[in-house]
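The values are calculated or read from the model by the stated rules, or taken from the named source; none is laboratory data. This structure is a prediction, so every number in the text was calculated from the model and none was measured. Counting neighbours? That spans all protein chains shown, and the Cβs are built from the backbone with ideal geometry, glycine included. Accessible surface is based on the protein model in full, side chains and every heavy atom, while ligands, DNA and RNA are left aside. Shrake-Rupley method; radii C 1.70, N 1.55, O 1.52, S 1.80 Å.
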Amino acid sequence: MTQEPVAKRRRSKDEAGTPRRIPSQQRGRERVDLILSVASELIARNGSDALRMGEIVEKAGVSFGSLYQYFPDKTAIIRVLAERYNEQGRQCVGDELEAIKSRDQLQSALGRIVDGYYAMFLDEPVMRDIWHATHADKLLQQVDAEDMEWHSQAFLTVLQRLWPERDHSELARIARLTMQLVAAAVRYAISIEREEGDKVIALFKVMLPADLGVV
(Lines give C-alpha, C1' and ligand atoms only; values in the text may rest on other atoms or scores of the structure.)
Protein backbone atom coordinates (compact mmCIF):
# COMPACT_ATOMS: atom_id res chain seq x y z
CA MET A 1 0.00 0.00 0.00
CA THR A 2 1.38 3.36 -0.99
CA GLN A 3 2.29 5.58 1.94
CA GLU A 4 0.69 9.00 1.78
CA PRO A 5 2.98 11.98 2.27
CA VAL A 6 2.72 13.85 5.54
CA ALA A 7 0.69 17.03 5.14
CA LYS A 8 2.54 20.13 6.23
CA ARG A 9 1.14 23.53 6.98
CA ARG A 10 2.03 26.19 4.39
CA ARG A 11 3.90 29.03 6.00
CA SER A 12 4.21 32.61 4.89
CA LYS A 13 7.69 34.10 5.18
CA ASP A 14 6.15 36.88 7.28
CA GLU A 15 4.19 34.56 9.54
CA ALA A 16 4.78 35.03 13.24
CA GLY A 17 7.13 32.44 14.66
CA THR A 18 8.71 31.70 11.27
CA PRO A 19 12.25 32.74 10.19
CA ARG A 20 12.10 35.40 7.48
CA ARG A 21 14.86 33.98 5.27
CA ILE A 22 17.71 31.52 5.26
CA PRO A 23 21.00 33.23 4.32
CA SER A 24 22.91 31.68 1.44
CA GLN A 25 26.22 33.46 1.95
CA GLN A 26 28.73 32.37 4.59
CA ARG A 27 28.68 35.69 6.43
CA GLY A 28 24.93 35.53 6.82
CA ARG A 29 25.00 31.91 7.96
CA GLU A 30 27.68 32.73 10.53
CA ARG A 31 25.54 35.59 11.85
CA VAL A 32 22.50 33.32 12.17
CA ASP A 33 24.61 30.68 13.92
CA LEU A 34 25.88 33.32 16.34
CA ILE A 35 22.34 34.49 17.11
CA LEU A 36 21.20 30.92 17.71
CA SER A 37 24.23 30.15 19.88
CA VAL A 38 23.61 33.19 22.07
CA ALA A 39 19.90 32.37 22.27
CA SER A 40 20.74 28.81 23.37
CA GLU A 41 23.01 30.11 26.12
CA LEU A 42 20.33 32.50 27.36
CA ILE A 43 17.65 29.80 27.29
CA ALA A 44 19.93 27.40 29.18
CA ARG A 45 20.56 30.09 31.80
CA ASN A 46 17.12 31.65 32.20
CA GLY A 47 14.59 29.54 30.28
CA SER A 48 12.75 30.28 27.04
CA ASP A 49 10.07 32.38 28.76
CA ALA A 50 12.73 34.89 29.82
CA LEU A 51 14.32 35.12 26.37
CA ARG A 52 14.33 38.71 25.08
CA MET A 53 15.30 39.98 21.64
CA GLY A 54 17.09 42.96 23.20
CA GLU A 55 19.28 40.68 25.27
CA ILE A 56 20.21 38.66 22.20
CA VAL A 57 21.22 41.87 20.42
CA GLU A 58 23.38 42.89 23.36
CA LYS A 59 25.07 39.52 23.89
CA ALA A 60 25.57 38.72 20.19
CA GLY A 61 26.80 42.20 19.30
CA VAL A 62 24.42 42.55 16.35
CA SER A 63 21.94 45.27 15.51
CA PHE A 64 18.20 44.94 15.85
CA GLY A 65 18.02 45.24 12.09
CA SER A 66 20.31 42.26 11.62
CA LEU A 67 18.36 40.21 14.14
CA TYR A 68 14.92 41.00 12.68
CA GLN A 69 16.29 40.42 9.19
CA TYR A 70 16.25 36.72 10.01
CA PHE A 71 13.94 36.31 13.01
CA PRO A 72 10.73 38.35 13.47
CA ASP A 73 10.33 37.23 17.10
CA LYS A 74 11.74 34.86 19.70
CA THR A 75 9.30 32.14 18.67
CA ALA A 76 11.04 31.99 15.29
CA ILE A 77 14.38 31.52 17.06
CA ILE A 78 13.02 28.72 19.24
CA ARG A 79 11.49 27.11 16.13
CA VAL A 80 14.86 26.93 14.37
CA LEU A 81 16.58 25.60 17.48
CA ALA A 82 13.88 22.95 17.89
CA GLU A 83 14.17 21.92 14.24
CA ARG A 84 17.95 21.60 14.54
CA TYR A 85 17.67 19.41 17.62
CA ASN A 86 14.93 17.39 15.95
CA GLU A 87 17.23 16.76 13.01
CA GLN A 88 19.89 15.38 15.34
CA GLY A 89 17.34 13.08 16.91
CA ARG A 90 16.07 11.90 13.53
CA GLN A 91 19.55 10.95 12.44
CA CYS A 92 20.05 8.78 15.53
CA VAL A 93 16.61 7.18 15.26
CA GLY A 94 17.04 6.60 11.53
CA ASP A 95 20.33 4.79 12.06
CA GLU A 96 18.81 2.51 14.72
CA LEU A 97 15.73 1.69 12.65
CA GLU A 98 17.74 1.04 9.50
CA ALA A 99 19.84 -1.54 11.38
CA ILE A 100 16.78 -3.67 12.28
CA LYS A 101 16.85 -6.78 10.14
CA SER A 102 14.65 -9.16 12.12
CA ARG A 103 11.72 -9.08 14.55
CA ASP A 104 13.82 -10.14 17.52
CA GLN A 105 15.96 -7.00 17.14
CA LEU A 106 13.02 -4.64 17.52
CA GLN A 107 12.80 -4.37 21.32
CA SER A 108 16.51 -3.73 21.80
CA ALA A 109 16.51 -1.13 19.02
CA LEU A 110 13.59 0.70 20.62
CA GLY A 111 15.43 0.56 23.94
CA ARG A 112 18.49 2.19 22.37
CA ILE A 113 16.29 4.89 20.86
CA VAL A 114 14.84 5.61 24.31
CA ASP A 115 18.34 5.70 25.84
CA GLY A 116 19.59 7.96 23.05
CA TYR A 117 16.86 10.54 23.47
CA TYR A 118 17.15 10.47 27.24
CA ALA A 119 20.92 11.01 26.99
CA MET A 120 20.47 13.89 24.54
CA PHE A 121 18.20 15.75 26.93
CA LEU A 122 20.51 15.13 29.86
CA ASP A 123 23.58 16.28 27.90
CA GLU A 124 21.84 19.35 26.44
CA PRO A 125 19.65 20.91 29.16
CA VAL A 126 18.54 23.63 26.73
CA MET A 127 16.75 20.92 24.73
CA ARG A 128 14.43 20.30 27.67
CA ASP A 129 13.33 23.92 27.77
CA ILE A 130 12.90 24.08 24.01
CA TRP A 131 10.89 20.85 24.02
CA HIS A 132 8.59 22.22 26.70
CA ALA A 133 8.29 25.47 24.73
CA THR A 134 7.17 23.63 21.58
CA HIS A 135 4.35 22.03 23.57
CA ALA A 136 3.26 25.20 25.32
CA ASP A 137 3.25 27.52 22.28
CA LYS A 138 0.54 26.94 19.67
CA LEU A 139 2.78 28.37 16.94
CA LEU A 140 5.42 25.75 17.75
CA GLN A 141 3.17 22.74 18.23
CA GLN A 142 3.26 22.08 14.49
CA VAL A 143 7.05 21.59 14.70
CA ASP A 144 6.57 18.89 17.31
CA ALA A 145 3.69 17.32 15.37
CA GLU A 146 5.76 17.11 12.19
CA ASP A 147 8.67 15.57 14.08
CA MET A 148 6.41 13.00 15.70
CA GLU A 149 4.92 12.11 12.33
CA TRP A 150 8.40 11.63 10.88
CA HIS A 151 9.24 9.17 13.66
CA SER A 152 5.94 7.37 13.20
CA GLN A 153 6.42 6.99 9.45
CA ALA A 154 10.01 5.82 9.88
CA PHE A 155 8.92 3.20 12.40
CA LEU A 156 5.98 2.21 10.21
CA THR A 157 8.41 1.45 7.39
CA VAL A 158 10.21 -1.00 9.68
CA LEU A 159 6.97 -2.65 10.80
CA GLN A 160 5.81 -3.08 7.22
CA ARG A 161 9.12 -4.73 6.37
CA LEU A 162 8.90 -7.12 9.32
CA TRP A 163 5.15 -7.86 9.07
CA PRO A 164 4.23 -7.38 5.39
CA GLU A 165 1.10 -9.51 5.82
CA ARG A 166 -0.47 -7.21 8.41
CA ASP A 167 -2.98 -4.47 7.70
CA HIS A 168 -1.34 -1.11 6.93
CA SER A 169 -3.75 0.92 9.06
CA GLU A 170 -3.19 -1.35 12.05
CA LEU A 171 0.59 -1.05 11.75
CA ALA A 172 0.27 2.73 11.38
CA ARG A 173 -1.63 2.91 14.67
CA ILE A 174 1.02 0.77 16.37
CA ALA A 175 3.80 2.97 14.97
CA ARG A 176 2.20 6.23 16.09
CA LEU A 177 1.26 4.93 19.52
CA THR A 178 4.73 3.48 20.12
CA MET A 179 6.48 6.72 19.22
CA GLN A 180 4.05 8.72 21.35
CA LEU A 181 4.75 6.45 24.32
CA VAL A 182 8.51 6.74 23.83
CA ALA A 183 8.27 10.54 23.77
CA ALA A 184 6.01 10.59 26.82
CA ALA A 185 8.33 8.33 28.81
CA VAL A 186 11.38 10.45 28.07
CA ARG A 187 9.48 13.67 28.73
CA TYR A 188 8.40 12.37 32.12
CA ALA A 189 11.87 11.06 33.01
CA ILE A 190 13.57 14.41 32.35
CA SER A 191 10.96 16.25 34.43
CA ILE A 192 11.87 14.46 37.66
CA GLU A 193 15.06 13.88 39.68
CA ARG A 194 17.84 12.15 37.75
CA GLU A 195 17.98 9.02 39.92
CA GLU A 196 14.24 8.45 39.62
CA GLY A 197 14.33 9.35 35.93
CA ASP A 198 16.92 6.64 35.31
CA LYS A 199 14.66 4.11 37.01
CA VAL A 200 11.67 5.22 34.94
CA ILE A 201 13.61 4.77 31.69
CA ALA A 202 14.87 1.35 32.77
CA LEU A 203 11.32 0.26 33.66
CA PHE A 204 9.86 1.60 30.42
CA LYS A 205 12.37 -0.36 28.34
CA VAL A 206 11.34 -3.56 30.12
CA MET A 207 7.71 -2.75 29.33
CA LEU A 208 8.40 -2.44 25.59
CA PRO A 209 6.82 -5.44 23.82
CA ALA A 210 9.29 -8.12 22.75
CA ASP A 211 7.11 -9.03 19.76
CA LEU A 212 4.81 -6.47 18.19
CA GLY A 213 3.42 -9.26 16.08
CA VAL A 214 1.19 -10.31 18.95
CA VAL A 215 -0.15 -6.80 19.61
Review point. For the Cα atoms of the chain, what angle does the longest principal axis make with the long axis of helix 194-207, in degrees from 0 to 90, nearest 10?
Key: 40
Study note, to complete from the structure: The number of Lys pairs in the chain whose alpha carbons lie under 25 Å apart, excluding pairs fewer than 8 residues apart on one chain, is 7
Exercise for review: Obtain the nm distance between the two label points defined at Ser108 and Thr157 by a simple spin-label model: each point lies 7 Å from its Cα along the Cα-to-C-beta direction.
Suggested key: 2.3
Practice item. Average the reciprocal distances over every distinct pair of alpha-carbons in segment 81-207, invert the result, and give the Kirkwood radius in Å. Key: 15.2
Exercise for review: Taking percent of Cα pairs over 27 Å apart as the quantity of interest, determine which of (1) 44; (2) 24; (3) 40 was computed from the displayed structure.
Suggested key: (3)
Study note, to complete from the structure: Per-residue ellipticity at 222 nm attributable to helices in the chain (runs of n ≥ 4 DSSP H, -39500 (n - 2.57) apiece, nearest 500 deg cm²/dmol) works out to -23000 deg cm²/dmol
**Study point:** Estimated inter-spin distance, His132 and Ala145, nm [label 7 Å along Cα→Cβ]
**Key:** 2.4
Revision key, fill the gap. Mean accessible area per residue over segment 81-207 (1.4 angstrom probe, all protein chains present, square angstrom) is 52
Exercise for review: Mind pulling the angle between the C-alpha long axis of helix 26-46 and the longest principal axis of the chain? Nearest 10 degrees, somewhere in 0 to 90.
Suggested key: 80
Review point. Roughly what would the spin-label model give for Arg45 and Ala99, points 7 Å off Cα along C-beta, in nm?
Key: 3.8
